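What follows is one structure encoded as structure tokens, with my remarks underneath.
The values are calculated or read from the model by the stated rules, or taken from the named source; none is laboratory data. All of these numbers come straight from a predicted model, not from anything done at the bench. With ideal geometry, Cβ positions are generated from the backbone for all residues, glycine too; neighbour counts draw on all protein chains shown. Just the protein is used for accessible areas: all its heavy atoms, side chains included, with ligands, DNA and RNA removed. Shrake-Rupley method; radii C 1.70, N 1.55, O 1.52, S 1.80 Å.
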Amino acid sequence: VSPRPLAEVLDTLRAAGFAPVAEGPDGQVVDLRAAGRRVPARPRLVRQQMPAGLDAERAASLVRQLRAGDAAASVRHGPAVRPGTADLAGTAATMALLRGAAQQRRSVWIGYVDAYGVATRRIVEPVSASGGTLECFDSAHGGLRRVPLHRITSAAMVDD
């Protein structure tokens with residue numbers, strides 16, 4: 001509350017290092033400029049640079065991962081089973097599907113969340129499924145890998 005005009009109060013507060021905003025009785029921000037027009041935002045310059053030290057092997061690995069993601073998104077697969085923390089039947093069905101795929105040497109489409117919380121889909125070739133872990137060949141990863149069952153969100157046989 002001040003006997004001074006609102007614009008003068010705001011200018012004084014801003015000069016003192018504060019960031020005040022004028023509000024109307026309904027709590028909405030009030031535009032005190034004469035024309036009441038919007039000011040366009042300044043365009044941001046985004047400079048994308050190649051990571052330092054990107055060698056041919058790392059570039060090939062990135063391309064392999066991108067292509068594997070594209071393949072997983074477009075491949076036809078059977079009905080997916082989904083394990084759940086409270087649904088032991090779903091977990092058992094997932095393990096059965098993964099074990100069957102390993103025995104039949106069939107590819108499986110899996111959805112999983114990695115250690116950083118990033119959800120992804122991959123086509124893998126299961127080698128074994130036991131002890132709460134899927135051991136599989138992942139061409140995008142470039143070899144054999146272990147995926148904890150609790151990180152798998154869905155699994156389905158790839159249609160041949």
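Just give me the residues in segment 147-160 being surrounded by 14 or more Cβ atoms within 10 Å (Cβ to Cβ) and either out of contact with any Leu (no Cβ under 8 Å at 6 or more places or on another chain) or part of a loop (DSSP other than H, G, I, E, B) (or both), in sequence order.
Our first condition is that a residue be surrounded by 14 or more Cβ atoms within 10 Å (Cβ to Cβ); within segment 147-160, this holds for 147, 149, 151-158.
Selection gives ARG151, THR153, SER154, VAL158.
Determine whether LEU144 is part of a strand (DSSP E or B), of a type in the set (A, V, I, L, M), under 24 Å from the mean Cα position of the chain (by Cα) and surrounded by fewer than 16 Cβ atoms within 10 Å (Cβ to Cβ). Let's see the steps before the verdict.
On the way: part of a strand (DSSP E or B): yes; of a type in the set (A, V, I, L, M): yes; under 24 Å from the mean Cα position of the chain (by Cα): yes; surrounded by fewer than 16 Cβ atoms within 10 Å (Cβ to Cβ): yes.
The answer is yes for LEU144.
Pull up segment 109-141, narrow it to residues that are open to solvent by 50 Å² or more (accessible area, probe 1.4 Å) and in a strand (DSSP E or B), then point me to the one that is farthest from LEU98 (Cα to Cα). Before you say what the answer is, go through the steps one by one.
Of the residues in segment 109-141, the ones open to solvent by 50 Å² or more (accessible area, probe 1.4 Å) are 115-119, 121, 125, 127, 130-131, 137, 139, 141.
From the residues that got through so far, the ones that are in a strand (DSSP E or B) too are 119, 121, 125, 127, 130, 137.
Working: ALA119: 19, ARG121: 15, GLU125: 9, VAL127: 9, SER130: 9, PHE137: 13 Å.
Result: ALA119.
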